[in-house]
Each structure stands twice: as structure tokens, then as C-alpha cells.
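S.K.: Structure incoming, see below.
All of the numbers you see were taken from the coordinates with simple rules; none came from a lab. Since we're looking at a predicted model, the values are computed, not measured. Every residue, glycine among them, receives a Cβ derived from its backbone with ideal geometry; neighbour counts consider all protein chains shown.
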Amino acid sequence: QKEVEQNSGPLSVPEGAIASLNCTYSDRGSQSFFWYRQYSGKSPELIMSIYSNGDKEDGRFTAQLNKASQYVSLLIRDSQPSDSATYLCAVPWMDSSYKLIFGSGTRLLVRP
Amino acid sequence: EAGVTQFPSHSVIEKGQTVTLRCDPISGHDNLYWYRRVMGKEIKFLLHFVKESKQDESGMPNNRFLAERTGGTYSTLKVQPAELEDSGVYFCASSRGLVETQYFGPGTRLLVL
């Protein structure tokens, strides 16, 4: 059974701080990792994908992957109140369907 | 480009009734997925279509759930008869290619009383 684990939070940070969101996964063979952002009542939106060990930066977002530790994280620099949302870690099952296995999500609150 | 759309946005039905959810994927997307999030749990896969064919329905909870994708365009997910534990948010997602980004719809919030 493939599993993706996240701390449900809420994670509360002040505006301008760095928010750090963490995710662990059980399948050592996983090759792709995604971070989705979901505002309340809205659809999950892909914000970052990472495939190789190390860091990947996109604007204020940095994804970090450590395959040896089976750990992927998302850093949000200069956090804004508009970043307040639930962040979902997702790992695709590498079979004929490429279905996504989701963590339960971490709720982030950015305090003005 | 229009996103994935789902209808209805909300549905409240009584136990034993039938409900049909609809998903319109992004035009040109061959892959269509149904997922479900029940209260307090993570989003879980239900099934996957490639065009009109069911590729993987390993996540369907039981035979009360029937999914179709007419002509490889829109898809419907019917629950008959609905049970209390079917309550949750049903998401549809689509992708152009198998390993490409899955774009999600806003979901249908189903409440079975």
C-alpha cells in the first residue's frame, strides 16, 4: 500500500516569514512528486513538480527532494496572507493509470 | 482554454436515492480521472479513463458506483443507491498525456442524509 504522509497542521506563520511544508512517502521507486494548493471550496491547483534530488525554485516557492530519506518539502518565502490554503503532496503511482496518491494536506495560515 | 468543469457543485440526497455527477474535461484531454475526498481523509483515486475506455477502476468502492465516458468526452459517475458513507467531495481531473499534469475540477460536494 503506497502512502503519502503530511502533518495536517494548521501551520501558522507571520506574513513575510518562510513557511516549510513537509511530506514523506513510502514507495522507494517513486520518481515524480507534486505539490498542489487548494483554497477552500476550490479545485486543487498544481504549483510545483520535482523529479530529481535537490532543490527546484519557482518564484517564492522551492521544492526540495531527498529520495534516500523519502522526503519532499515545499518552502514558501515571503509568505503572504493569500498563500493561506491547504497544500497537498501527491505522488503518482507508476502504473498504467498514473493515478495520484495524495497526502491528507497541510493547512497553512499566514497571519497579516 | 476552459478548465475542467463539474456539475452539480452540490448535491444533497437521501439514503437510497440515485445521484449522477458529471465531469467535462479540458478539450483534447484523453485522460480523465475521478477522485473522492471523504470527511477528514485524503483525496483518493476512484478510476481512470483513456478516451472512452476504463483503464483502471481499482479505486471504485463497490458496485453501487458506475462511471461512463460517452464518446471519450464528458464522463458521468452514478451512485445507486447512495449510502451515508458516500458523502464527500468528488473531484474530476484530466490530462492530455498519461504522465502530464492533471488538472482538477472544482468538485461536487455530495451529502447523503
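S.K.: Residues A:GLY54, A:GLY16, A:GLY59, A:GLY41: which one is surrounded by fewer than 17 Cβ atoms within 10 Å (Cβ to Cβ) and touching a residue at least 24 places away in the same chain (Cβ under 8 Å)?
M.R.: Residue meeting the stated conditions: A:GLY16.
S.K.: Within the stretch B:100-111, is even one residue more than 9 Å from every other protein chain (Cβ to nearest Cβ), closer than 30 Å to A:TYR51 by Cβ and either assigned to a strand (DSSP E or B) or touching a Pro at 6+ places or on another chain (Cβ under 9 Å) (or both)?
M.R.: Among the residues of the stretch B:100-111, not one is more than 9 Å from every other protein chain (Cβ to nearest Cβ), closer than 30 Å to A:TYR51 by Cβ and either assigned to a strand (DSSP E or B) or touching a Pro at 6+ places or on another chain (Cβ under 9 Å) (or both), which makes the answer no.
S.K.: Another question about this same structure. Among the residues of the stretch B:86-96, are any free of Cβ contacts under 8 Å to residues at least 40 places away in the same chain, crowded, with 17+ Cβ neighbours inside 10 Å and under 13 Å from the mean Cα position of the chain (by Cα)?
M.R.: yes
S.K.: Just one of B:GLY40, B:GLY16, B:GLY28 is at the interface with another protein chain (Cβ under 10 Å from one of its Cβ atoms) and surrounded by fewer than 15 Cβ atoms within 10 Å (Cβ to Cβ); which is it?
M.R.: B:GLY40
S.K.: Additional query: Which strands (runs of 3 or more DSSP E) does the stretch B:6-53 wholly contain that include 1 or more residues that are more than 17 Å from B:LYS78 (Cα to Cα)?
M.R.: The qualifying strands (runs of 3 or more DSSP E) are B:31-37, B:44-50.
S.K.: Which one of A:ARG77, A:ARG107 is within 14 Å of another protein chain (Cβ to nearest Cβ), surrounded by fewer than 21 Cβ atoms within 10 Å (Cβ to Cβ), in contact (Cβ under 8 Å) with a residue 40 or more places away in the chain and not aliphatic (A, V, I, L, M)?
M.R.: After applying the criteria, what remains is A:ARG107.
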